[in-house]
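Working notes, beginning with the structure itself.
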Amino acid sequence: MKIWCCLCFTEDDEFEDSDTMKEGIPVIEGDPEGNLENSEDVEMQLGLSLDLFRSRDTADEVESSRSLEDMIAMHAPLVDNNSGEAAPAGRRVNKWCPLRGPRRYEGESSSGVVGGGSSGGSSSAIDDLQHKRAKVLASPKFYYSAAMSSDAGSSSSSADRDYNISHGSSVPTNNEMIFHNFVWNKGGDDNSFDSNGGKDDGDENGTSKLEDLEVRMDLTDDLLHMVFSFLDYVNLCRAAMVCRQWRSASAHEDFWRCLNFESRKISVEQFEDVCHRYPNATEVNIFGAPAIHLLVMRAISSLRNLESLTLGRGQLGDTFFHALADCQLLKSLIVNDSTLGNGIQEIPINHDQLRRLELIKCRVMRVSIRCPQLQHLSLKRSNMAQAVLNCPLLCLLDIASCHKLSDAAIRLAATSCPLLESLDMSNCSCVSDETLREIALSCANLHILNSSYCPNISLESVRLPMLTVLKLHSCEGITSASMAAISHSYMLEVLELDNCNLLTSVSLELPLLQIIRLVHCRKFADLNLQTTKLSSITVSNCGALHRINIISSYLQKLSLQKQENLTTLALQCQDLQEVDLTDCESLTNSICEVFSDGGGCPMLKSLVLDNCEGLTTVQFFSTSLVGLSLVGCRAITSLELKCPCLEKVYLDGCDHLERASFSPVALQSLNLGICPKLNTLSIEALHMVVLELKGCGVLSEASINCPLLTSLDASFCSQLKDDCLSATTSSCPLIESLILMSCPSPIFESCSQLKVLKLQACKYLADSSLEPLYKEGSLPALQELDLSYGTLCQSAIEELLAYCTHLTHVSLNGCINMHDLNWGSTGGLPFEPPSVYSSYVNFSHENIHGSAEQRNRLLQNLNCVGCQNIRKVLIPPQARCFHLSSLNLSLSGNLKEVDVACFNLCFLNLSNCCSLEILKLACPKLTSLFLQSCNIDEEAVETAISQCSMLETLDVRFCPKICSISMGRLRTACPSLKRIFSSLTPS
């Protein structure tokens, strides 16, 4: 079995026997760093014959004795640089050829069979090719690869291909060199990989000696042809190294229709050889190659099917233009940055089939073009003084930046093309209105005209009725009087008037106008457009603009940012949906009528009026408006919105707003805390769920009708009357979170769904205000209660904690009237006096669930931070705090005794309880204990943590009675400890 494989040669791989080479491999040299342009002595070796590697009868005869480069240098001639001489025998070939190029596959028929020439005993090779199998040869010692192409010909469908000698996508390392060699076979397909020059499958009497390594893949030529069509040229050349069939398939002419040598150093002989290999190539690109005149002459003489030719960066002699007629199929000629001709004589370009001609940035005195089929002509940036055209079918003419062309020359060139549709004469400063009038008379089909940067034209008395695109950038002669001429172009669709500094007003009534641009027009003040199909308008940096009137049925988006002097805006735009008037400081309150119902924008959805500081009273009555932004409108004092579809409103920076009405709106959330001067509020929002009034300190009247409201924050609304809060809670029965910080007499009884009640800093809250919670059970769903910094008495707090067992989070931070937290026997609950803590050991988890029918506390988090009057905290098992997981008593300076027995307590914070002396804990799940700055001794701590078998973190920093020696004792008392924070030792 034979296995043919393409392999990588490293510098360490060597050959022992030099007879392993029989046929030649051309080495296409390139920049070893992948950058051919920066190398001065880079060359390509195309079409040169070096010996192919040929295996012995057995692979064992091949050994590593020489590097690949040395073997090639010893056994095959190599053209040295551009001299054409053979390289010396000892020369190392250490360059490689990255090939790449985009291609597309247009489909292949079954007739596109890859074939090859034959000579001598090549019948066996052809027979092998018909087997349609790929063979891969593997050697246990090393791998080698060779690639070879045949002059395959096929009449199948053509596909554009590039033979691109480019920079490559990878660079060989010092230890590995991958050679991508494509061999151009001149003599036929007698170069084989077998040892006897015959059929690879073996002799007539049996199989070859490598039959045991043979692996056959049943890939037909048509299938290979289709697969290879998706490869770029790097991978195509790699595929050629696999086997004879793949080599022939990869060399199919359909893959090499385009020969791309752009910016590559290739000699005339090499280029001529490539042209000889692929005479059916249709595209050639030699832009930037050396000696482009000689190269292109070889291409013209060799490639009779040439259709596209691209060249440049050099000099083209007269003989090239005279020889163009020999390329009868040529359709496209592109010459860029070149010197045309040998002297000052006229350059003739005569061709009967040429359809596209580009002479870009070329140096020539005069040019004469006679191409009866030419449709596209570009002479952009060329310095010719005269261009004589005889192109009756020319549709596009580009003479942009041809500064030496006179007005008469431009007129003669354009008027000689009666079918002209597109004309670009931008930057031709000598063009006059007379030339435009002549062009208008001679070119009745002219649709596109670019006369930008032509200071001498004003378009007065110029009529271009068929014009669809008109570009007049930086035309100093364009004034308001020019609009009369433009208005006669009733077919106009695109109009660009950027940097027309003398233009003061634009008034146009063009039914087909779709796009208009007015940028940096310093004196432009008035815009009046009656254009039904207008879909895009760009107006910016027009400092004098103060009036805009637009009528359009297609305009959907209008952006007029930073028009600081804009005062009047009239719109009749049935499909307008988005308007941005940011930084239009001069807009007045009348703008509200434009965007309200009946104002001309019935489909408006988004309106941005940011930083429009001229607005004071804003009223919108719109049934379509969805989003409104008034950010930075600091002068607004009154806001009234009757927009039933309004979902988003932004009022950041409206710090002078006093009266606001949102009735009705579709808002889901609203934050008015950023409006500190708001005193009157009316909201009717059937979908609102979150309302924040925090910071509206002067709010005294509020009417809130939000039946789906779940969260209300009215903190610091000290002026809000009781009847307003009562009416709000009554009309919002679904409130779950109610925050009434610093409110005098909060009302909450009607909120049956309330889950969160925060009454922080309600200093005037009466002791009886919370009686409905625990006497009447008015809030059965309440879970979180915050009474921090309040004035409730000790008895009210005790009764609340004793009877509201359904609370999960309680905060009593800073309550000055709270003394001891003793849950041993309070609140009328059948609690027995606490017994010794040894009894807690028998209070197992099963006993907890077994007594679930009794009233258990659901409390999970209890915060009593900064309660200076607390001296003792007692929470025994009889308190039934089975869910308590977090207890925070920090900053309670007078706290002396803590006695806690909670099965699920995980977090206990006693930091800065400087009077703490007694600590008793029976908390088997406690993981974190903080005793920072406590005056407790080490024995008390040791006894306390000995009952906490899961304790991991202990903080005893700044505890004066605990020394560094005690750390070991603490770890011994509680083996589960992982972290001890001490100010004495870095534990």
Relative contact order (%) - the stretch 720-823, alpha-carbon pairs under 8 angstrom, separation at least six: 22
Highest average packing first - 873-885, 812-824, Cβ atoms within 10 Å: 873-885, 812-824
Extension gain, residue 301 back to residue 645 (0.36 nm per residue minus Cα-Cα distance, nm): 116.4 nm
Relative contact order (%) - the stretch 673-757, alpha-carbon pairs under 8 angstrom, separation at least six: 25
3J(HN,Hα) from dihedral phi, the stretch 692-709, Karplus parametrisation 6.51/-1.76/1.60, rounded to Hz, x for glycine, proline: 10, 10, 4, x, 7, x, 9, 5, 10, 10, 8, 10, 10, 10, 9, x, 9, 5
Quarter of Cα convex hull surface for the stretch 556-699, i.e. mean projection, nm²: 7.2
Hz values of 3J(HN,Hα) by residue in the stretch 915-928 - Karplus curve (6.51, -1.76, 1.60), Gly and Pro given as x: 9, 5, 10, 10, 9, 10, 10, 10, 10, x, 9, 5, 10, 9
Stokes-Einstein diffusion coefficient of the stretch 387-464, Kirkwood radius over Cα pairs, 37 °C, 0.692 mPa s, in µm²/s: 271
Accessible-area order (highest first, 1.4 angstrom probe) of the listed residues 963, 864: 963, 864
Cubic angstrom per residue, convex hull over Cα atoms of the stretch 861-987: 80
Solvent-accessible area per residue for the stretch 323-403 (1.4 angstrom probe, square angstrom): 40
Average Cα contact separation per residue, the stretch 318-381, under 8 Å, 6 or more apart, as relative contact order %: 34
Percent carbon-and-sulfur accessible area, the stretch 280-435, ignoring ligands, DNA and RNA, probe 1.4 Å: 49
Accessible area in the full protein assembly, largest first, 1.4 Å probe, for 659, 957: 659, 957
Cα-based radius of gyration of the stretch 900-939 once divided by 2.2 N^0.38 Å, which approximates compact folds: 1.16
Order by protection proxy (mean Cβ within 10 Å, highest first), peptides 346-355, 287-296: 287-296, 346-355
Fraction of alpha-carbon pairs over 25 Å apart in the stretch 333-442 - percent: 11
Principal axes of the stretch 307-373: Cα extent on each, largest first, Å: 28, 20, 16
Cα Rg, Dmax (largest Cα-Cα span) when computed across the stretch 607-665, Å: 10.4, 27
Cut-off under 5 Å, modelled amide H: who pairs with residue 882 long-range: 857
Volume in Å³ per residue [convex hull over Cα atoms, computed for the stretch 656-748]: 71
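Can you give the convex hull volume of the alpha carbon atoms of the stretch 484-602 per residue, in Å³?
Cα-based convex hull of the stretch 484-602, divided per residue, equals 80 Å³.
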With all protein chains modelled, accessible area of residue 716 [1.4 Å, Å²]: 90
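Students often check this: by mean Cβ neighbours within 10 Å, which of 886-895, 222-231 ranks highest, and how do the rest follow? Don't skip to the answer; put the middle values down first.
Details: 886-895: 21.1, 222-231: 17.2.
Those peptides, ordered most packed to least, come out 886-895, 222-231.
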Anisotropy class of the stretch 700-779 from Cα gyration tensor, a/c 1.5 cut: oblate
Share of carbon and sulfur in the accessible heavy-atom surface of the stretch 573-703 [1.4 Å probe, %]: 48
Rg and Dmax [Cα atoms of the stretch 651-805; Å; Rg one decimal, Dmax integer]: 15.5, 47
Summed side-chain charge close to residue 320 - residues other than residue 320 whose Cβ falls under 14 Å, Lys, Arg +1, Asp, Glu -1: -1
The stretch 350-506 - Kirkwood radius from inverse mean 1/r over Cα pairs (Å): 15.6
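The values are calculated or read from the model by the stated rules, or taken from the named source; none is laboratory data. As the structure is a prediction and not an experimental result, all values here were calculated from the model. Methodologically, a virtual Cβ is constructed for each residue, glycine included, from the backbone with ideal geometry; neighbour enumeration extends over all protein chains shown. In case anyone asks, the SASA skips ligands and DNA or RNA and just uses the protein heavy atoms, side chains included. Shrake-Rupley method; radii C 1.70, N 1.55, O 1.52, S 1.80 Å.
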